[in-house]
Amino acid sequence: MGESKFNRKENLIIEIHNSITHGIGVVLGVIFLLMLILPRIRSGNITGVVAYSIYGGCFILMFLMSTIYHAVQLPKAKSILRIFDHISIYYFIAGSFTPAILLLTSGKFRVFFIILIWAIAVLGTIFKVATYKSYDKLKSISTLLYVGMGWLAVFLIKPILNNVSWKFLLLLVIGGLLYTVGTFFYKSNRFKYNHVIWHLFVLAAAIVHFNAFYLYL
């Protein structure tokens, strides 16, 4: 019984750290959203406003869902919030693609790619809802889906290099690598604070990608 209490206390401390790390992401998301859309509102760039509103909204949503999920300790509520937490990752990935697609591509490719990326997000939602009872068994599949969806960005290399600085692409790659390396900690149980470390990788990658948009797009 003493060990059980210790584990509960230790888990609570870890969850507090998880909540704080992504709570910081919520605050940054609001700041980043304003930094991206206000200049475009002033300049009348409607496409930019739409693109970055979607990006910023998905950014805030993902970090907010994660923060709430880790903050709430009621078992039944937590099991439901876990679904929303995982689903929001798909929308964060799709939202992160949206500015690059809308601002750097055109024609049929733009239509195809924007439909593709958001269709994957919707299918991911259905997958998460349908398999929520088997999440732990399907964790590797979920991780591969997230990573695979993110690396669809390779199809944007040509329009990126044709329209903006190679530094934009470099920052996207660095962010992508941070997400990918972070999944090692997401899947691993070797470290007591593995999930907190994963959160820090996600936060760092999100900041890198924001800088790509803010500085070069």
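The values are calculated or read from the model by the stated rules, or taken from the named source; none is laboratory data. As the structure is a prediction and not an experimental result, all values here were calculated from the model. Positions of Cβ are generated from backbone atoms using ideal geometry, with glycine treated the same way; all protein chains shown enter the neighbour counts.
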(message) Quick check on segment 172-203: of everything there that is among the small types (Gly, Ala, Ser) and over 14 Å from Ser96 (Cβ atoms), which residue is surrounded by the fewest Cβ atoms within 10 Å (Cβ to Cβ)?
(response) Ser188
(message) What pairs come out if I take residues in segment 1-20 that are under 12 Å from Gln73 (Cα atoms) and pair them with residues that are modelled with pLDDT of 85 or more and not β-branched (Val, Ile, Thr) whose C-beta lies under 6 Å away, six or more apart or interchain?
(response) Glu15/His70; Ser19/His70; Ser19/Ala71
(message) Anything in segment 65-82 that is farther than 15 Å from Val26 by Cα and either among the hydroxyl-bearing types (Ser, Thr, Tyr) or crowded, with 17+ Cβ neighbours inside 10 Å (or both)? List them, or say none.
(response) Ser79, Leu81, Arg82
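Does Arg82 satisfy the condition of being within 20 Å of Tyr132 (Cα to Cα) and of a type in the set (Lys, Arg)?
It is true that Arg82 is within 20 Å of Tyr132 (Cα to Cα) and of a type in the set (Lys, Arg).
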(request) Only residues that are surrounded by 17 or more Cβ atoms within 10 Å (Cβ to Cβ) and more than 22 Å from Leu215 (Cα to Cα): list them for segment 139-169, please. (result) Ser142, Leu145, Tyr146, Met149
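From the residues in segment 47-91 that are farther than 30 Å from Arg8 by Cβ and of a type in the set (Phe, Trp, Tyr), which one is farthest from the chain's Cα centre (by Cα)?
At the first step, the residues of segment 47-91 found to be farther than 30 Å from Arg8 by Cβ are 47-60, 90-91.
With of a type in the set (Phe, Trp, Tyr) added as a condition, the list becomes 52, 55, 59, 90-91.
Values: Tyr52: 15, Tyr55: 10, Phe59: 6, Tyr90: 7, Tyr91: 7 Å.
Checking each candidate, the answer is Tyr52.
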(message) If I ask for residues that are surrounded by 20 or more Cβ atoms within 10 Å (Cβ to Cβ) and aromatic (Phe, Trp, Tyr), which ones from segment 83-110 would you list?
(response) Tyr90, Tyr91, Phe92, Phe97
(request) Inspect segment 16-27 for any residue being modelled with pLDDT under 95, more than 26 Å from Leu145 (Cα to Cα), among the β-branched types (Val, Ile, Thr) and surrounded by fewer than 16 Cβ atoms within 10 Å (Cβ to Cβ) and give the result as yes or no. (result) yes
(message) Criterion first (out of contact with any Ser or Thr (no Cβ under 6 Å at 6 or more places or on another chain), under 30 Å from Leu215 (Cα atoms), part of a helix (DSSP H, G or I) and touching a residue at least 60 places away in the same chain (Cβ under 8 Å)) does Pro99 satisfy it?
(response) yes
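Residue-by-condition table, conditions (1) assigned to a helix (DSSP H, G or I); (2) among the aromatic types (Phe, Trp, Tyr); (3) over 20 Å from Ile16 (Cα atoms):
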position	(1), (2), (3)
Leu36	yes, no, yes
Gly48	yes, no, yes
Tyr55	yes, yes, yes
Cys58	yes, no, yes
Met62	yes, no, no
Thr67	yes, no, no
Ile80	yes, no, no
Asp85	yes, no, no
Tyr91	yes, yes, yes
(request) Would you mind stating whether Thr67 is touching a residue at least 40 places away in the same chain (Cβ under 8 Å) and either β-branched (Val, Ile, Thr) or on the phi > 0 side of the Ramachandran plot (or both)? (result) yes
